[in-house]
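Only one structure is covered here, and it is reproduced in the block below.
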Amino acid sequence: MNIDVVTLFPEAFEWFRGQRHVVNSLAAGSTLTLINPRDHTPLSGGQVDDAPFGGGAGMVLRVDVIDAALRAHYGEDPVDLRHTRRVIALTPSGRLLDERLVGELAQERAITLLCGRYEGFDERIIEHFASDVVSIGRYVLAGGELPAMVLADAVLRKLPGSLGHAASALEESFSEALGGFPEYPHYTRPAAYRGWRVPEVLLGGHHEEIQRWRLDQARHRNQ
Ligand code: 6GU
């Protein structure tokens, strides 16, 4: 999968790029490309945003700047871009990111994530360049960078080669068998700590019983 991120803060992704499953995904052929609108702005002084028409606090990302950045990177009118790849604007009021949307995006060959900053995007960016508008939760963050990393993290770990073959195959079956989430409780050594004992069934080595117990726990947790 090719993930392009349009962000005024590409350096924010350095940590993310070093995460094991991201490194694995990139080694397996995925790409993570950062596009900084400031590098492409037609305005002087690196300007990318402006005061909102009608007044109000904060600054708004300009549509001409995002147009120029997308056009420079893709070599086509960004109005057409969304017909060949998902162009996802990240804003707090968008469609909530959930496992289903993650699964949907993991099927794509290429996606572009638009990170807003300040008060957000000029609405024409969303209207004319975006195919999707996505939010990671009903709260407001200072920008779309963390949401972009959350989305990319969730999508990349779905791809083969990200978690290592065994782990991902295992996870897949858990996910289906447990109705969407590998959400049973986990325990490791010591088997008893301060009198807190690990459930006996997990210590017995009876795989069917363990599987039944986990399924039961997962069901109860998801209610
Ligand atoms: Cl996608 N952006 C911002 N700025 N805040 C958010 C969000 C996105 N999702 C939840 N809060």
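The values are calculated or read from the model by the stated rules, or taken from the named source; none is laboratory data. Predicted, not measured: the structure shown is a model, and the values here were computed from it. Quick reminder, even Gly has a Cβ in these numbers, built from the backbone with ideal geometry, and neighbours come from all protein chains shown. Each accessible area value is taken on the protein alone, full model and side chains, heavy atoms only, with ligands, DNA and RNA left out. Shrake-Rupley method; radii C 1.70, N 1.55, O 1.52, S 1.80 Å.
A quick yes/no check of all residues on (1) in a helix (DSSP H, G or I); (2) farther than 22 Å from Val48 by Cβ:
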{"site": "Glu76", "(1), (2)": "no, no"}
{"site": "Thr91", "(1), (2)": "no, no"}
{"site": "Arg138", "(1), (2)": "no, yes"}
{"site": "Pro147", "(1), (2)": "yes, no"}
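What do you reckon, is Ser135 surrounded by 18 or more Cβ atoms within 10 Å (Cβ to Cβ) and of a type in the set (S, T, N, Q)? Before you say what the answer is, go through the steps one by one.
Working: surrounded by 18 or more Cβ atoms within 10 Å (Cβ to Cβ): yes; of a type in the set (S, T, N, Q): yes.
It is true that Ser135 is surrounded by 18 or more Cβ atoms within 10 Å (Cβ to Cβ) and of a type in the set (S, T, N, Q).
On the basis of being outside any helix (DSSP H, G or I) and either outside the structural domain of Met59 (by TED's automatic domain parsing) or at pLDDT 85 or above (or both), does Val133 make the cut? Walk me through it before giving the result.
Numbers: outside any helix (DSSP H, G or I): yes; either outside the structural domain of Met59 (by TED's automatic domain parsing) or at pLDDT 85 or above (or both): yes.
Yes, satisfied.
Could you list all residues from the stretch 119-136 that are more than 8 Å from the ligand (Cβ to nearest atom) and over 24 Å from Asp50 (Cβ atoms)? Write out each step before concluding.
First, the residues of the stretch 119-136 that are more than 8 Å from the ligand (Cβ to nearest atom): 119, 121-133.
Once the filter is applied, which keeps residues that are more than 8 Å from the ligand (Cβ to nearest atom) and over 24 Å from Asp50 (Cβ atoms), the stretch 119-136 yields Ser131, Asp132.
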Pick from the stretch 93-118, criterion open to solvent by 20 Å² or more (accessible area, probe 1.4 Å) and either on the phi > 0 side of the Ramachandran plot or part of a loop (DSSP other than H, G, I, E, B) (or both), ranking: farthest from the ligand (Cβ to nearest atom):
Arg109
Those residues of the stretch 152-164 which are within 16 Å of Trp15 (Cβ to Cβ) and within 16 Å of the ligand (Cβ to nearest atom), in sequence order:
Ala152, Asp153
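For residues that are under 17 Å from Gly116 (Cα atoms) and either not acidic (Asp, Glu) or not assigned by TED's automatic domain parsing to the domain that holds Val87 (or both), tally how many sit in the stretch 57-76.
Of all residues in the stretch 57-76, those under 17 Å from Gly116 (Cα atoms) come to 57-70.
The next check asks that each one be either not acidic (Asp, Glu) or not assigned by TED's automatic domain parsing to the domain that holds Val87 (or both); those that pass are 57-63, 65-66, 68-70.
Going through the stretch 57-76 one residue at a time, the tally reaches 12.
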Does the stretch 31-51 include one or more residues that are within 16 Å of Lys158 (Cα to Cα), open to solvent by 30 Å² or more (accessible area, probe 1.4 Å) and touching a residue at least 24 places away in the same chain (Cβ under 8 Å)?
yes
